[in-house]
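Derivation of every value follows stated rules applied to the coordinates shown; laboratory data play no part. Computed from a prediction, not measured in an experiment: that's the story for all the values here. All Cβ positions, even for glycine, are placed from backbone atoms using ideal geometry, and neighbour counts span all protein chains on display.
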């Protein structure tokens, strides 16, 4: 899997000092943050998964209750459902959906299209397409009702006060915003304070928990960020899928004719041969799989697979004292014929014993099988497990040569 390049985009000027981090797919706590001009960071983007964090202060977070279960239909209806709440013309705005909530409502992120274009411009000018674009405040840990998450910086404080609700403000305006959001002071504010931030919360008349220990704001955001807890802004006209559809549309007829021509050419130039080779490969793969089921100790498959199988069966046929595979397989075949209702699902041969997985609609045929083995046979039966459920019976038996 590719490493991920995280960029916290607070300004789009190429020379702006920007925080970024390159992390492996397994990273959960180690996010070494660096700073460089944006244009320098974008030179490192090739070959990486690209995740961009944008200012939540420019994104309005709300929700809609639309009687539709398909996200595409909800996304079409959201602008009209929210039109009365928005001062701007909805035609100038971009809407993105979060996952449907238990109460049936859909979280919605609203941002000006001009702002989206501005954020994406440095990337598109260099032929780059971000994989994910998230409002930075939604990278904080989701609020659980009693505790809100916050990130303190010198020039702003981000607060996540719900599953998909958040706000940003200056440190001087924090108390006013908290009073508006939680006048009864029911929630404790858990504030992450990175080392390069020095806000003073001693005068804040609010239940506060300070969480130091982070080197930078981006490090704190990445340690709590989960894609399923955020809203990807790259939806609708900004999604990669929509871009591909727009590029594809003018070429559909030409491509269809070309594909038809190629299809006819392939019919006359080896489709039958290709299918035959594919079937042979599938059969060979099935033979190898069955061989490894019968002989689990044989982990190495030789280039001369046919010779390997022949040698193994010669060994089994010559092993008269231990019974060998073939006599046990014959006993199993006779036993299943005598106990209708059981089907063979898989076998393994190891240490001189044959292990078989059986299936059936009930456990009743197992009694018939026990009764059949009660008579003198060339093998002894041991029932290792037998379970019956809504999907039928599952039985595992072991056959060993009779003494």
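Annotations
- Point-to-point label distance, residue 105-residue 267, nm (Cα→Cβ direction, 7 Å offset): 5.8
- Helix 113-124 axis versus longest C-alpha principal axis of the chain: approximately 60°, rounded to the nearest ten.
- In terms of other Cβ atoms within 10 Å, 49, 160 run from fewest to most in the order 49, 160.
- Isotropically averaged projected area of region 116-177, using the convex hull of Cα atoms (one quarter of hull area), nm²: 5.5
- Of all DSSP beta bridges in the chain, antiparallel share, percent nearest 5: 75
- Cα centroid separation, region 109-176 to region 216-241 (Å): 9
- Order of 216, 24, 388 - criterion: other Cβ atoms within 10 Å of each residue's Cβ, fewest first: 24, 388, 216
- Taking only the alpha carbons of region 1-86, we obtain Rg and Dmax values of 17.8, 47 Å in that order.
- Using the Cβ-Cβ distance between residue 181 and residue 90 with R0 set to 30 Å, the FRET efficiency works out to roughly 0.70.
- The helix-only estimate of mean residue ellipticity at 222 nm for the chain, built from DSSP H runs of length n ≥ 4 each weighted as -39500 (n - 2.57), is -10500 deg cm²/dmol after division by the residue total.
- Ranked by how many other beta carbons lie within 10 Å on average, peptides 379-385, 348-354 from highest: 348-354, 379-385
- Value of relative contact order over the chain, rounded to a whole percent, pairs C-alpha under 8 Å and six or more apart: 10
- Calculated translational diffusion coefficient of region 319-401 (37 °C, 0.692 mPa s; Stokes-Einstein with Kirkwood radius over alpha-carbon pairs) equals 256 µm²/s.
- Region 319-401: relative contact order as a whole-number percent, Cα under 8 Å and 6+ apart: 32
- R0 of 56 Å, Cβ-Cβ distance residue 240-residue 374: FRET efficiency to nearest 0.05: 0.25
- Shown here: Cα Rg over 2.2 N^0.38 Å, derived from the displayed model; of the candidates (i) 1.37; (ii) 1.52; (iii) 1.00, it corresponds to (ii).
- Each of 133, 116, 329 was scored by other Cβ atoms within 10 Å of its Cβ. Listed from fewest to most, they are 329, 116, 133.
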